[in-house]
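The values are calculated or read from the model by the stated rules, or taken from the named source; none is laboratory data. Bear in mind that the values here come from a model prediction, so they are computed numbers and not experimental data. For neighbour counting, all protein chains shown are included, and Cβ atoms are generated from backbone atoms with ideal geometry for every residue, glycine included. Accessible surface is based on the protein model in full, side chains and every heavy atom, while ligands, DNA and RNA are left aside. Shrake-Rupley method; radii C 1.70, N 1.55, O 1.52, S 1.80 Å.
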Amino acid sequence: MRQGSMKWRYLKQGIFLWVVRIAALIIAAALGGILFFIFVNGIGAVDWTFLTEPPRDSMTAGGIMPAIIGTVYLTLGAVLVAMPLGVTSAVYLSEYARSGPAVRFIRIGINSLAGVPSVVFGLFGLSLFVVYLDFGSSILAGSLTLAILILPTIIGSAEEALKAVPQTFREASLALGVSKWQTVSRIVLPNALPGILTGSILGIGRAAGETAPIMFTAAAFFTTRLPGSVFDEVMALPYHIYVLATAGTRIEETRPLQYGTALVLIALVLGVDLAAIVIRSYIRRKKRW
Amino acid sequence: MRDGDIIVTQDVNFYYGSFRALTGVNISFEKNRVTALIGPSGCGKSTLLRLLNRMNDFIEQTRVEGKVLFEGRNIYDPEVDPVEIRRRIGMVFQKPNPFPKSIFNNIVYGPRLAGGMSRTDLESLAERSLKQAVLWDEVKDILGQSAMMLSGGQQQRLCIARALAMKPDVLLMDEPTSALDPISTAKIEELMEGLKKDYTIIIVTHNMQQAARVSDYTGFFYLGRLIEFNRTGKIFTTPDMKQTEDYITGRFG
Ligand SMILES: Nc1ncnc2c1ncn2[C@@H]1O[C@H](COP(=O)(O)OP(=O)(O)O)[C@@H](O)[C@H]1O
Ligand SMILES: [Mg+2]
(Lines give C-alpha, C1' and ligand atoms only; values in the text may rest on other atoms or scores of the structure.)
(Ligands and ions follow the chains in the order given, each with its own letter.)
Protein backbone atom coordinates (compact mmCIF):
# COMPACT_ATOMS: atom_id res chain seq x y z
CA MET A 1 0.00 0.00 0.00
CA ARG A 2 2.70 2.43 1.08
CA GLN A 3 4.90 1.31 -1.76
CA GLY A 4 2.02 1.82 -4.18
CA SER A 5 1.21 5.32 -3.04
CA MET A 6 4.86 6.26 -3.31
CA LYS A 7 4.96 5.07 -6.89
CA TRP A 8 1.81 6.99 -7.65
CA ARG A 9 3.33 10.07 -6.14
CA TYR A 10 6.44 9.74 -8.30
CA LEU A 11 4.28 9.15 -11.33
CA LYS A 12 2.18 12.21 -10.59
CA GLN A 13 5.32 14.28 -10.14
CA GLY A 14 6.68 12.96 -13.42
CA ILE A 15 3.49 13.79 -15.28
CA PHE A 16 3.36 17.24 -13.77
CA LEU A 17 6.95 17.92 -14.74
CA TRP A 18 6.20 16.97 -18.31
CA VAL A 19 3.10 19.15 -18.47
CA VAL A 20 5.17 22.09 -17.28
CA ARG A 21 7.92 21.32 -19.76
CA ILE A 22 5.50 21.03 -22.64
CA ALA A 23 3.79 24.27 -21.67
CA ALA A 24 7.12 26.07 -21.58
CA LEU A 25 8.05 24.52 -24.90
CA ILE A 26 4.82 25.67 -26.54
CA ILE A 27 5.38 29.22 -25.35
CA ALA A 28 8.98 29.24 -26.53
CA ALA A 29 7.95 27.72 -29.85
CA ALA A 30 5.18 30.26 -30.35
CA LEU A 31 7.52 33.13 -29.60
CA GLY A 32 10.24 31.69 -31.80
CA GLY A 33 7.70 31.03 -34.53
CA ILE A 34 6.43 34.58 -34.55
CA LEU A 35 9.92 36.04 -34.55
CA PHE A 36 11.02 33.67 -37.29
CA PHE A 37 7.94 34.36 -39.39
CA ILE A 38 8.37 38.11 -39.17
CA PHE A 39 12.08 37.90 -39.77
CA VAL A 40 11.74 35.74 -42.87
CA ASN A 41 8.96 37.85 -44.32
CA GLY A 42 10.36 41.20 -43.32
CA ILE A 43 14.10 41.02 -43.81
CA GLY A 44 13.76 41.37 -47.58
CA ALA A 45 12.20 44.80 -47.20
CA VAL A 46 14.71 46.14 -44.71
CA ASP A 47 17.68 47.94 -46.17
CA TRP A 48 19.35 51.31 -45.70
CA THR A 49 16.79 53.17 -47.81
CA PHE A 50 13.96 51.61 -45.82
CA LEU A 51 15.42 52.87 -42.58
CA THR A 52 16.42 56.32 -43.72
CA GLU A 53 13.80 57.54 -46.19
CA PRO A 54 10.14 58.51 -46.00
CA PRO A 55 7.46 56.48 -47.78
CA ARG A 56 6.81 57.16 -51.48
CA ASP A 57 4.04 56.45 -53.98
CA SER A 58 1.13 56.46 -51.53
CA MET A 59 3.19 54.44 -49.07
CA THR A 60 3.70 51.52 -51.43
CA ALA A 61 7.41 52.14 -51.68
CA GLY A 62 10.23 53.97 -49.92
CA GLY A 63 11.07 53.77 -46.24
CA ILE A 64 9.69 54.27 -42.76
CA MET A 65 12.12 56.77 -41.32
CA PRO A 66 9.44 59.21 -40.07
CA ALA A 67 7.69 56.38 -38.24
CA ILE A 68 10.92 55.30 -36.53
CA ILE A 69 11.62 58.85 -35.44
CA GLY A 70 8.01 59.29 -34.32
CA THR A 71 8.04 56.15 -32.20
CA VAL A 72 11.32 57.15 -30.59
CA TYR A 73 9.94 60.61 -29.72
CA LEU A 74 6.67 59.25 -28.38
CA THR A 75 8.26 56.63 -26.15
CA LEU A 76 10.99 58.92 -24.87
CA GLY A 77 8.35 61.53 -24.11
CA ALA A 78 6.25 58.94 -22.30
CA VAL A 79 9.16 57.77 -20.15
CA LEU A 80 10.28 61.32 -19.38
CA VAL A 81 6.82 62.01 -17.99
CA ALA A 82 6.07 58.64 -16.41
CA MET A 83 9.41 58.06 -14.71
CA PRO A 84 9.46 61.07 -12.34
CA LEU A 85 5.79 60.64 -11.62
CA GLY A 86 6.02 56.89 -11.14
CA VAL A 87 9.17 56.97 -9.03
CA THR A 88 7.73 59.69 -6.81
CA SER A 89 4.57 57.66 -6.29
CA ALA A 90 6.59 54.56 -5.53
CA VAL A 91 8.74 56.44 -3.01
CA TYR A 92 5.60 57.68 -1.32
CA LEU A 93 4.02 54.23 -1.22
CA SER A 94 7.10 52.36 -0.10
CA GLU A 95 8.82 54.89 2.19
CA TYR A 96 6.23 57.26 3.56
CA ALA A 97 2.68 55.92 3.41
CA ARG A 98 1.48 54.21 6.56
CA SER A 99 -0.60 51.18 5.73
CA GLY A 100 -4.30 51.91 5.87
CA PRO A 101 -7.41 52.33 3.74
CA ALA A 102 -5.97 55.27 1.77
CA VAL A 103 -2.95 53.30 0.62
CA ARG A 104 -5.05 50.23 -0.13
CA PHE A 105 -7.28 52.41 -2.28
CA ILE A 106 -4.30 53.85 -4.19
CA ARG A 107 -2.96 50.36 -4.80
CA ILE A 108 -6.27 49.14 -6.12
CA GLY A 109 -6.29 52.15 -8.41
CA ILE A 110 -2.84 51.39 -9.77
CA ASN A 111 -3.66 47.74 -10.32
CA SER A 112 -6.89 48.61 -12.09
CA LEU A 113 -5.01 51.07 -14.28
CA ALA A 114 -2.73 48.22 -15.33
CA GLY A 115 -5.75 46.20 -16.39
CA VAL A 116 -7.44 48.85 -18.52
CA PRO A 117 -7.49 48.00 -22.26
CA SER A 118 -5.15 50.28 -24.15
CA VAL A 119 -7.84 51.61 -26.46
CA VAL A 120 -9.50 53.12 -23.42
CA PHE A 121 -6.31 55.04 -22.73
CA GLY A 122 -6.51 56.21 -26.32
CA LEU A 123 -10.01 57.55 -25.87
CA PHE A 124 -9.10 59.11 -22.56
CA GLY A 125 -6.09 60.82 -24.14
CA LEU A 126 -8.25 61.99 -27.00
CA SER A 127 -10.82 63.64 -24.79
CA LEU A 128 -8.42 65.06 -22.18
CA PHE A 129 -5.23 65.99 -24.04
CA VAL A 130 -6.29 66.35 -27.65
CA VAL A 131 -9.68 68.00 -27.21
CA TYR A 132 -10.05 69.44 -23.73
CA LEU A 133 -6.50 70.71 -23.25
CA ASP A 134 -6.39 71.43 -26.98
CA PHE A 135 -2.98 69.89 -27.62
CA GLY A 136 -4.36 68.48 -30.84
CA SER A 137 -3.13 65.20 -32.23
CA SER A 138 0.50 65.65 -31.26
CA ILE A 139 3.65 64.20 -29.76
CA LEU A 140 2.67 65.84 -26.48
CA ALA A 141 -0.79 64.29 -26.33
CA GLY A 142 0.49 60.88 -27.46
CA SER A 143 3.38 60.88 -24.99
CA LEU A 144 1.13 61.84 -22.10
CA THR A 145 -1.33 59.10 -23.04
CA LEU A 146 1.44 56.51 -23.27
CA ALA A 147 2.85 57.82 -19.99
CA ILE A 148 -0.39 56.99 -18.20
CA LEU A 149 -0.39 53.60 -19.84
CA ILE A 150 3.07 52.67 -18.56
CA LEU A 151 2.71 54.37 -15.19
CA PRO A 152 1.58 51.20 -13.36
CA THR A 153 4.54 49.25 -14.76
CA ILE A 154 6.96 51.92 -13.62
CA ILE A 155 5.39 52.34 -10.18
CA GLY A 156 5.34 48.59 -9.68
CA SER A 157 8.94 47.99 -10.63
CA ALA A 158 10.16 51.07 -8.74
CA GLU A 159 8.34 49.95 -5.62
CA GLU A 160 9.84 46.52 -5.92
CA ALA A 161 13.29 48.03 -6.33
CA LEU A 162 12.79 50.24 -3.27
CA LYS A 163 11.55 47.34 -1.17
CA ALA A 164 14.63 45.34 -2.16
CA VAL A 165 16.93 47.88 -0.48
CA PRO A 166 17.79 46.28 2.88
CA GLN A 167 15.98 47.77 5.85
CA THR A 168 19.31 47.83 7.68
CA PHE A 169 20.57 50.57 5.34
CA ARG A 170 17.66 52.79 6.27
CA GLU A 171 18.15 52.10 9.99
CA ALA A 172 21.87 52.77 9.79
CA SER A 173 21.26 56.13 8.16
CA LEU A 174 18.39 57.20 10.40
CA ALA A 175 20.29 56.22 13.53
CA LEU A 176 23.02 58.69 12.54
CA GLY A 177 20.57 61.54 12.86
CA VAL A 178 20.08 61.79 9.13
CA SER A 179 16.59 62.90 8.21
CA LYS A 180 14.09 60.64 6.55
CA TRP A 181 14.19 62.54 3.27
CA GLN A 182 17.98 62.51 3.16
CA THR A 183 17.98 58.81 3.93
CA VAL A 184 15.63 58.21 1.03
CA SER A 185 17.53 60.41 -1.39
CA ARG A 186 21.09 59.47 -0.38
CA ILE A 187 20.75 55.79 0.48
CA VAL A 188 17.50 54.26 -0.66
CA LEU A 189 17.08 55.77 -4.11
CA PRO A 190 20.68 55.28 -5.30
CA ASN A 191 20.52 51.63 -4.25
CA ALA A 192 17.18 51.14 -5.96
CA LEU A 193 18.22 52.95 -9.13
CA PRO A 194 19.20 49.89 -11.18
CA GLY A 195 15.82 48.28 -10.55
CA ILE A 196 14.03 51.53 -11.27
CA LEU A 197 15.90 51.93 -14.54
CA THR A 198 15.13 48.38 -15.57
CA GLY A 199 11.44 48.91 -14.95
CA SER A 200 11.45 52.15 -16.89
CA ILE A 201 13.20 50.56 -19.84
CA LEU A 202 10.62 47.79 -19.88
CA GLY A 203 8.04 50.58 -19.90
CA ILE A 204 9.71 51.96 -23.03
CA GLY A 205 9.29 48.60 -24.73
CA ARG A 206 5.64 48.51 -23.79
CA ALA A 207 4.98 52.06 -24.98
CA ALA A 208 6.80 51.58 -28.28
CA GLY A 209 4.58 48.71 -29.31
CA GLU A 210 1.16 50.19 -28.56
CA THR A 211 -1.15 51.28 -31.38
CA ALA A 212 -4.48 52.10 -29.80
CA PRO A 213 -3.34 54.82 -27.38
CA ILE A 214 -1.61 56.84 -30.10
CA MET A 215 -4.12 56.24 -32.86
CA PHE A 216 -6.33 59.16 -31.78
CA THR A 217 -3.74 61.20 -29.95
CA ALA A 218 -0.56 61.46 -31.95
CA ALA A 219 -0.24 59.29 -34.99
CA ALA A 220 -0.29 60.69 -38.49
CA PHE A 221 -1.45 58.58 -41.37
CA PHE A 222 1.30 59.91 -43.51
CA THR A 223 3.80 62.73 -43.29
CA THR A 224 7.22 63.17 -44.78
CA ARG A 225 7.91 66.12 -42.55
CA LEU A 226 9.80 65.52 -39.33
CA PRO A 227 8.16 67.05 -36.26
CA GLY A 228 9.23 70.59 -35.48
CA SER A 229 7.66 70.80 -32.03
CA VAL A 230 5.81 68.69 -29.48
CA PHE A 231 2.54 69.92 -30.95
CA ASP A 232 3.18 68.19 -34.28
CA GLU A 233 1.72 64.91 -35.36
CA VAL A 234 4.12 62.08 -36.08
CA MET A 235 4.05 58.75 -37.83
CA ALA A 236 4.67 55.78 -35.57
CA LEU A 237 5.72 52.21 -36.29
CA PRO A 238 2.77 50.27 -34.85
CA TYR A 239 0.25 52.63 -36.41
CA HIS A 240 2.06 52.49 -39.73
CA ILE A 241 1.70 48.72 -39.77
CA TYR A 242 -1.96 49.06 -38.92
CA VAL A 243 -2.51 51.58 -41.70
CA LEU A 244 -0.68 49.54 -44.34
CA ALA A 245 -2.46 46.37 -43.36
CA THR A 246 -5.99 47.74 -43.20
CA ALA A 247 -6.47 51.10 -44.83
CA GLY A 248 -4.61 51.03 -48.13
CA THR A 249 -5.99 50.05 -51.49
CA ARG A 250 -3.05 47.80 -52.13
CA ILE A 251 -2.82 45.82 -48.96
CA GLU A 252 -1.43 42.68 -50.58
CA GLU A 253 1.23 44.57 -52.49
CA THR A 254 2.57 46.25 -49.39
CA ARG A 255 2.88 43.04 -47.34
CA PRO A 256 6.68 43.10 -47.46
CA LEU A 257 6.65 46.67 -46.18
CA GLN A 258 4.31 45.67 -43.36
CA TYR A 259 6.57 42.82 -42.31
CA GLY A 260 9.62 45.01 -42.67
CA THR A 261 8.07 47.60 -40.37
CA ALA A 262 7.07 44.90 -37.89
CA LEU A 263 10.61 43.58 -37.94
CA VAL A 264 12.04 47.02 -37.20
CA LEU A 265 9.55 47.53 -34.37
CA ILE A 266 10.31 44.16 -32.82
CA ALA A 267 14.04 44.71 -33.15
CA LEU A 268 13.62 48.06 -31.41
CA VAL A 269 11.56 46.64 -28.53
CA LEU A 270 13.75 43.58 -28.08
CA GLY A 271 16.83 45.76 -28.22
CA VAL A 272 15.49 47.95 -25.45
CA ASP A 273 14.46 44.94 -23.32
CA LEU A 274 17.86 43.39 -23.86
CA ALA A 275 19.45 46.60 -22.61
CA ALA A 276 17.32 46.29 -19.47
CA ILE A 277 18.47 42.73 -18.91
CA VAL A 278 22.11 43.63 -19.44
CA ILE A 279 21.90 46.56 -17.01
CA ARG A 280 20.23 44.41 -14.40
CA SER A 281 22.67 41.55 -14.56
CA TYR A 282 25.61 43.95 -14.62
CA ILE A 283 24.39 45.67 -11.46
CA ARG A 284 23.55 42.37 -9.77
CA ARG A 285 27.10 41.23 -10.24
CA LYS A 286 28.45 44.47 -8.82
CA LYS A 287 26.18 44.50 -5.79
CA ARG A 288 27.03 42.54 -2.65
CA TRP A 289 24.62 42.53 0.24
CA MET B 1 18.05 60.04 40.11
CA ARG B 2 21.76 60.34 40.63
CA ASP B 3 23.70 63.50 39.86
CA GLY B 4 25.73 62.22 36.96
CA ASP B 5 22.84 60.61 35.14
CA ILE B 6 22.52 61.50 31.48
CA ILE B 7 19.46 59.43 30.60
CA VAL B 8 16.65 58.58 32.97
CA THR B 9 13.44 56.75 32.15
CA GLN B 10 10.36 57.32 34.28
CA ASP B 11 7.55 54.76 34.39
CA VAL B 12 8.01 53.81 30.76
CA ASN B 13 5.52 51.50 29.12
CA PHE B 14 5.91 50.55 25.49
CA TYR B 15 3.40 48.90 23.21
CA TYR B 16 3.62 47.17 19.84
CA GLY B 17 -0.04 47.43 18.87
CA SER B 18 -1.83 46.02 21.88
CA PHE B 19 1.18 44.03 23.06
CA ARG B 20 2.99 45.64 25.97
CA ALA B 21 6.70 45.01 25.54
CA LEU B 22 7.91 47.19 28.44
CA THR B 23 6.20 47.73 31.77
CA GLY B 24 6.97 50.47 34.28
CA VAL B 25 10.65 50.78 33.46
CA ASN B 26 12.58 53.15 35.69
CA ILE B 27 16.28 53.09 34.92
CA SER B 28 19.03 55.68 34.86
CA PHE B 29 22.25 55.72 32.94
CA GLU B 30 25.26 57.44 34.44
CA LYS B 31 27.40 59.67 32.29
CA ASN B 32 30.70 58.22 31.07
CA ARG B 33 29.91 54.77 32.35
CA VAL B 34 29.11 51.53 30.62
CA THR B 35 25.73 50.09 31.48
CA ALA B 36 24.84 46.58 30.36
CA LEU B 37 21.29 45.39 29.77
CA ILE B 38 20.87 41.66 30.15
CA GLY B 39 17.99 39.22 30.18
CA PRO B 40 16.52 36.38 28.17
CA SER B 41 15.54 36.79 24.52
CA GLY B 42 12.39 38.78 23.99
CA CYS B 43 12.45 40.50 27.39
CA GLY B 44 12.53 43.95 25.79
CA LYS B 45 16.20 44.93 25.82
CA SER B 46 16.29 46.03 22.20
CA THR B 47 12.95 47.74 22.57
CA LEU B 48 14.28 49.80 25.45
CA LEU B 49 17.48 50.64 23.62
CA ARG B 50 15.63 51.83 20.53
CA LEU B 51 13.34 53.83 22.75
CA LEU B 52 16.30 55.88 23.95
CA ASN B 53 17.06 57.39 20.54
CA ARG B 54 13.54 57.23 19.15
CA MET B 55 14.32 54.52 16.61
CA ASN B 56 11.01 52.90 17.53
CA ASP B 57 9.32 55.88 15.85
CA PHE B 58 9.73 54.03 12.55
CA ILE B 59 7.76 50.99 13.61
CA GLU B 60 4.09 51.38 12.85
CA GLN B 61 1.49 51.21 15.59
CA THR B 62 3.74 51.63 18.57
CA ARG B 63 3.05 53.72 21.63
CA VAL B 64 5.17 55.11 24.46
CA GLU B 65 3.97 56.05 27.92
CA GLY B 66 6.06 57.70 30.58
CA LYS B 67 9.14 59.88 30.13
CA VAL B 68 12.61 59.41 28.76
CA LEU B 69 14.74 62.26 30.09
CA PHE B 70 17.93 63.05 28.22
CA GLU B 71 19.88 65.68 30.13
CA GLY B 72 16.68 66.45 31.96
CA ARG B 73 14.50 66.95 28.88
CA ASN B 74 11.81 64.46 27.86
CA ILE B 75 12.77 63.32 24.36
CA TYR B 76 9.13 62.40 23.68
CA ASP B 77 7.96 65.97 24.13
CA PRO B 78 6.25 67.10 20.92
CA GLU B 79 8.67 69.99 20.40
CA VAL B 80 11.74 67.74 20.50
CA ASP B 81 13.29 66.98 17.11
CA PRO B 82 14.01 63.23 16.99
CA VAL B 83 16.69 63.77 14.32
CA GLU B 84 18.60 65.96 16.77
CA ILE B 85 18.25 63.28 19.45
CA ARG B 86 19.66 60.63 17.13
CA ARG B 87 22.67 62.82 16.39
CA ARG B 88 23.48 62.97 20.06
CA ILE B 89 22.60 59.37 20.87
CA GLY B 90 24.30 57.08 18.36
CA MET B 91 23.57 53.42 17.75
CA VAL B 92 25.42 50.28 16.72
CA PHE B 93 23.35 47.34 15.58
CA GLN B 94 23.60 43.63 16.10
CA LYS B 95 24.55 42.86 12.52
CA PRO B 96 27.22 45.10 11.03
CA ASN B 97 25.42 47.32 8.52
CA PRO B 98 27.90 49.41 6.54
CA PHE B 99 26.60 51.22 3.50
CA PRO B 100 27.68 49.94 0.09
CA LYS B 101 30.09 52.87 -0.13
CA SER B 102 33.80 53.34 0.42
CA ILE B 103 35.18 53.11 3.94
CA PHE B 104 35.79 56.86 3.97
CA ASN B 105 32.32 57.70 2.71
CA ASN B 106 30.76 55.45 5.32
CA ILE B 107 32.45 57.40 8.09
CA VAL B 108 31.73 60.89 6.78
CA TYR B 109 28.22 60.16 5.52
CA GLY B 110 26.46 61.58 8.58
CA PRO B 111 28.75 64.56 9.28
CA ARG B 112 28.73 65.56 5.62
CA LEU B 113 24.94 65.72 5.56
CA ALA B 114 24.90 67.54 8.88
CA GLY B 115 26.94 70.15 7.03
CA GLY B 116 29.51 72.77 7.82
CA MET B 117 32.65 70.69 7.32
CA SER B 118 35.42 71.09 4.78
CA ARG B 119 37.13 68.20 3.07
CA THR B 120 40.10 68.42 5.45
CA ASP B 121 37.76 68.54 8.45
CA LEU B 122 36.10 65.38 7.19
CA GLU B 123 39.44 63.70 6.61
CA SER B 124 40.69 64.39 10.10
CA LEU B 125 37.33 63.40 11.53
CA ALA B 126 37.51 60.08 9.68
CA GLU B 127 41.00 59.45 11.00
CA ARG B 128 40.02 60.33 14.55
CA SER B 129 36.90 58.14 14.46
CA LEU B 130 38.70 55.19 12.93
CA LYS B 131 41.43 55.47 15.58
CA GLN B 132 38.81 55.53 18.33
CA ALA B 133 37.31 52.38 16.85
CA VAL B 134 40.81 50.83 16.64
CA LEU B 135 40.45 50.29 12.92
CA TRP B 136 42.73 52.99 11.55
CA ASP B 137 45.86 50.86 11.19
CA GLU B 138 43.99 48.21 9.26
CA VAL B 139 42.27 50.50 6.78
CA LYS B 140 44.32 53.70 6.52
CA ASP B 141 45.66 52.67 3.10
CA ILE B 142 42.35 51.45 1.68
CA LEU B 143 39.95 54.23 2.68
CA GLY B 144 38.67 54.42 -0.89
CA GLN B 145 37.72 50.76 -1.05
CA SER B 146 34.25 49.41 -0.51
CA ALA B 147 33.32 48.78 3.11
CA MET B 148 31.65 45.58 1.96
CA MET B 149 35.10 44.03 1.44
CA LEU B 150 35.98 44.21 5.14
CA SER B 151 35.60 41.25 7.49
CA GLY B 152 32.59 41.12 9.79
CA GLY B 153 34.61 42.29 12.78
CA GLN B 154 36.13 45.15 10.80
CA GLN B 155 32.71 46.13 9.49
CA GLN B 156 31.36 46.32 13.01
CA ARG B 157 34.25 48.53 14.12
CA LEU B 158 33.58 50.65 11.03
CA CYS B 159 29.99 51.01 12.18
CA ILE B 160 31.23 52.09 15.58
CA ALA B 161 33.54 54.63 13.94
CA ARG B 162 30.65 55.84 11.79
CA ALA B 163 28.52 56.40 14.88
CA LEU B 164 31.40 58.15 16.69
CA ALA B 165 31.96 60.48 13.75
CA MET B 166 28.68 62.20 14.67
CA LYS B 167 30.32 63.04 18.03
CA PRO B 168 27.41 61.71 20.04
CA ASP B 169 27.21 61.85 23.81
CA VAL B 170 25.74 58.41 24.16
CA LEU B 171 26.44 55.22 22.25
CA LEU B 172 23.79 52.52 22.21
CA MET B 173 25.02 49.05 21.26
CA ASP B 174 22.61 46.22 20.62
CA GLU B 175 24.49 42.94 20.97
CA PRO B 176 27.33 44.40 18.91
CA THR B 177 29.47 41.28 19.07
CA SER B 178 26.92 38.50 18.82
CA ALA B 179 27.63 38.01 15.11
CA LEU B 180 31.40 38.10 15.55
CA ASP B 181 34.23 35.69 16.30
CA PRO B 182 36.03 35.79 19.70
CA ILE B 183 39.00 37.79 18.46
CA SER B 184 36.81 40.50 16.92
CA THR B 185 34.72 40.46 20.07
CA ALA B 186 37.81 41.03 22.22
CA LYS B 187 38.86 43.95 20.03
CA ILE B 188 35.48 45.61 20.43
CA GLU B 189 35.46 45.09 24.18
CA GLU B 190 38.90 46.68 24.30
CA LEU B 191 37.91 49.71 22.32
CA MET B 192 34.87 50.22 24.54
CA GLU B 193 37.25 50.61 27.46
CA GLY B 194 38.91 53.51 25.63
CA LEU B 195 35.60 55.17 24.76
CA LYS B 196 34.36 55.34 28.34
CA LYS B 197 36.03 58.58 29.25
CA ASP B 198 34.26 60.47 26.45
CA TYR B 199 31.02 58.60 25.99
CA THR B 200 28.20 57.05 27.87
CA ILE B 201 27.73 53.52 26.62
CA ILE B 202 24.64 51.36 26.95
CA ILE B 203 25.14 47.85 25.70
CA VAL B 204 22.71 45.00 25.31
CA THR B 205 24.40 41.66 25.55
CA HIS B 206 23.54 38.02 25.70
CA ASN B 207 26.94 37.19 26.99
CA MET B 208 27.22 37.25 30.81
CA GLN B 209 31.01 37.33 30.79
CA GLN B 210 30.90 40.27 28.45
CA ALA B 211 28.54 42.18 30.71
CA ALA B 212 30.76 41.40 33.68
CA ARG B 213 33.91 42.43 31.82
CA VAL B 214 32.87 45.69 30.20
CA SER B 215 30.17 47.28 32.30
CA ASP B 216 30.01 49.38 35.45
CA TYR B 217 26.28 48.90 35.92
CA THR B 218 23.97 46.12 34.89
CA GLY B 219 20.22 45.97 34.52
CA PHE B 220 18.47 42.63 34.40
CA PHE B 221 15.20 42.50 32.48
CA TYR B 222 12.56 39.85 32.46
CA LEU B 223 9.27 39.90 30.54
CA GLY B 224 9.44 43.62 29.87
CA ARG B 225 10.24 44.63 33.44
CA LEU B 226 13.48 45.84 35.00
CA ILE B 227 13.95 43.23 37.70
CA GLU B 228 17.20 44.46 39.18
CA PHE B 229 19.65 47.27 38.57
CA ASN B 230 22.94 47.69 40.35
CA ARG B 231 26.69 47.89 40.12
CA THR B 232 27.88 45.11 37.87
CA GLY B 233 30.09 43.65 40.60
CA LYS B 234 27.13 43.37 42.90
CA ILE B 235 24.77 41.89 40.29
CA PHE B 236 27.25 39.17 39.41
CA THR B 237 28.24 38.27 42.95
CA THR B 238 25.34 38.92 45.28
CA PRO B 239 22.20 39.80 43.37
CA ASP B 240 19.19 40.78 45.44
CA MET B 241 16.64 38.95 43.36
CA LYS B 242 16.31 35.22 42.96
CA GLN B 243 15.41 35.63 39.25
CA THR B 244 18.63 37.55 38.59
CA GLU B 245 20.69 34.89 40.26
CA ASP B 246 18.96 32.13 38.31
CA TYR B 247 19.64 33.94 35.08
CA ILE B 248 23.29 34.78 35.59
CA THR B 249 24.06 31.31 36.85
CA GLY B 250 22.47 29.90 33.72
CA ARG B 251 19.54 28.21 35.39
CA PHE B 252 17.20 29.71 32.83
CA GLY B 253 17.24 31.88 29.74
N1 LIG C 1 8.43 45.22 15.59
C2 LIG C 1 7.79 44.48 16.53
N3 LIG C 1 6.47 44.26 16.43
C4 LIG C 1 5.83 43.54 17.37
N5 LIG C 1 6.42 42.98 18.42
C6 LIG C 1 7.74 43.16 18.58
C7 LIG C 1 8.51 43.92 17.63
N8 LIG C 1 9.79 43.93 18.04
C9 LIG C 1 9.82 43.22 19.18
N10 LIG C 1 8.61 42.75 19.51
C11 LIG C 1 8.27 41.94 20.70
O12 LIG C 1 8.60 42.67 21.84
C13 LIG C 1 9.23 41.85 22.80
C14 LIG C 1 10.58 42.40 23.15
O15 LIG C 1 11.43 42.29 22.00
P16 LIG C 1 12.92 42.79 22.00
O17 LIG C 1 12.96 44.16 22.58
O18 LIG C 1 13.44 42.63 20.63
O19 LIG C 1 13.59 41.75 22.99
P20 LIG C 1 15.14 41.44 23.25
O21 LIG C 1 15.96 42.45 22.52
O22 LIG C 1 15.28 41.51 24.72
O23 LIG C 1 15.38 40.06 22.75
C24 LIG C 1 9.26 40.46 22.22
O25 LIG C 1 8.17 39.73 22.72
C26 LIG C 1 9.10 40.68 20.75
O27 LIG C 1 8.42 39.61 20.16
MG1 LIG D 1 17.33 42.17 20.93
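Rounded to the nearest 20, the size of the Cβ-charge dipole of the protein assembly as shown about its Cα centre is 1420 debye, with Lys and Arg at +1 and Asp and Glu at -1.
The smallest convex shape that holds all Cα atoms of the protein assembly as shown, its convex hull, gives 247 Å³ per residue.
With semi-axes defined as the square roots of five times the eigenvalues of the C-alpha gyration tensor, the equivalent ellipsoid of chain B measures 30, 22, 16 Å, largest first. Take residue A:7: with every protein chain present and a 1.4 Å probe, its accessible area is about 150 Å².
Relative to the longest principal axis of the Cα atoms of chain A, helix A:65-91 runs at roughly 20 degrees. The trypsin sites (Lys or Arg not before Pro) of the stretch A:195-289 meeting both criteria, a DSSP state outside H, G, I, E and B (loop) and at most 10 other C-beta atoms within 10 angstrom of the site's C-beta, are A:288. Of B:119, B:73, B:231, the residue with the greatest mean-square motion in the GNM of chain B, using alpha carbon springs below 10 Å, is B:119. Legend: P(r) of the stretch A:48-288 from all alpha carbon pair distances, 5 Å bins from 0, whole percents, reading 1, 7, 13, 15, 16, 14, 11, 9, 6, 4, 3, 1, 1, 0, 0.
With a simple spin-label model that places each label point 7 Å from the Cα along the Cα-to-Cβ direction, the separation between residue A:15 and residue A:279 comes to 4.6 nm. Averaged over the residues of A:163-176, the number of partner chain Cβ atoms lying within 10 Å of the residue Cβ comes to 6. Between residue B:179 and residue B:249, the C-beta separation translates, for a Förster distance of 22 Å, into a calculated FRET efficiency of about 0.30.
About its Cα centre, the dipole of the stretch A:48-288 is roughly 1220 debye, where the only charges are +1 on Lys and Arg Cβ and -1 on Asp and Glu Cβ.
For the options B:166, B:148, B:91, a Gaussian network treatment of chain B with springs between C-alpha atoms closer than 10 Å singles out B:148 as fluctuating the most.
Pairs from the table (B:45/B:95; B:101/B:140; B:187/B:234) lying more than 24 angstrom apart at Cα are B:187/B:234. In this calculation the C-beta distance from residue A:6 to residue A:28 is compared with R0 = 35 Å, giving a FRET efficiency of 0.60. Once both labels are positioned 7 Å from their Cα atoms along Cα-to-Cβ, the gap between residue A:245 and residue B:23 label points is 7.2 nm. For the stretch B:124-253, the spherically averaged projection of the C-alpha convex hull amounts to 8.8 nm².
The heavy atoms of residue A:60 offer some 40 square angstrom of accessible surface to a 1.4 angstrom probe. Among the residues of A:177-186, the average count of other protein chain beta-carbon atoms within 10 Å of the residue beta-carbon is 5. For the stretch A:40-118, the Kirkwood hydrodynamic radius comes to 16.4 Å, computed from all pairs of different C-alpha atoms. Each label point was placed 7 Å from the Cα along the Cα-to-Cβ direction; for residue A:119 and residue B:80 their separation is 6.3 nm. Relative to the longest principal axis of the Cα atoms of chain B, the long axis of helix B:119-132 makes an angle of roughly 50 degrees.
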